[in-house]
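J.: The structure that follows is given in the form of structure tokens.
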Amino acid sequence: MKNVLLFMCLVVPVFLLTACGGPKGASPDEKRQAVRDMAQETLMKLHAIEPQAKTYMDSAVGYAAFSNTGVNLLLLSTGNGWGIAHDNETGKETYMKMFSAGVGIGLGVKDFRGVFIFTTREAFDRFVESGWQAGGQADAAAKAGEKGGAAAGAIDVAPGVKLYQITESGLALQATIQGTKYWKDEELNKPQ
């Protein structure tokens with residue numbers, strides 16, 4: 001019983017801190033600006049690592065850029081983040097949140113960025129309007145056959161959806177987004 005209480009005292013605060021993270025700022029306008037700044041920085045980093053991604057992104061229906069922080073503590077893992085979805089056709093931006101939870105042995109904190117590329121209108125609209133939940137099928141590896149093409153480094157995570165996952169060491173060759181839910185940020189999408 002003592003071990004269970006100790007475990008809960010260690011785990012619960014870490015998970016609460018992860019779940020409460022969000023864009024910096026006191027007002028919705030400051031938070032929106034922080035999300036736009038993060039997205040711009042993420043896209044610049046992606047284009048520096050994989051220059052062809054810009055061409056691929058510009059010809060897509062839309063894209064979304066997210067900042068994610070994950071914590072893995074013993075057998076439990078959780079993560080949260082925030083981002084923005086951009087419709088290339090209309091120029092409309094939608095502010096979004098994400099949260100993930102899972103089980104797996106480990107210990108550590110992972111900070112990474114994700115850029116989703118939507119190749120179909122249906123995939124983009126579903127992501128923005130209905131949110132999206134990545135289930136057990138969402139672990140994917142980069143295909144060697146796409147190397148050198150416009151989609152080099154992108155990972156297929158769903159029909160019409162590709163993902164670039166950026167870590168401190170560059171592009172990740174495997175995306176782990178199991179148990180992740182994406183949805184609209186009600187506060188930041190209110191009319192200004």
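J.: Which of the residues that make up region 24-70 are aliphatic (A, V, I, L, M) and in a strand (DSSP E or B)?
T.: If we filter region 24-70 for residues that are aliphatic (A, V, I, L, M), which is where we start, we get 26, 34-35, 38-39, 43-44, 46, 48-49, 53, 57, 60-61, 64-65.
A64, A65, listed by residue number.
J.: Let me ask another. Suppose we filter region 49-67 for residues that are surrounded by 14 or more Cβ atoms within 10 Å (Cβ to Cβ), under 18 Å from R121 (Cα atoms) and not small (G, A, S); how many remain?
T.: Counting residues in region 49-67 that are surrounded by 14 or more Cβ atoms within 10 Å (Cβ to Cβ), under 18 Å from R121 (Cα atoms) and not small (G, A, S) gives 4.
Each value in this text was obtained by applying a stated rule to the coordinates, not by laboratory testing. Bear in mind that the values here come from a model prediction, so they are computed numbers and not experimental data. Neighbour counts run over all protein chains shown; Cβ positions are idealised from the backbone, glycine included.
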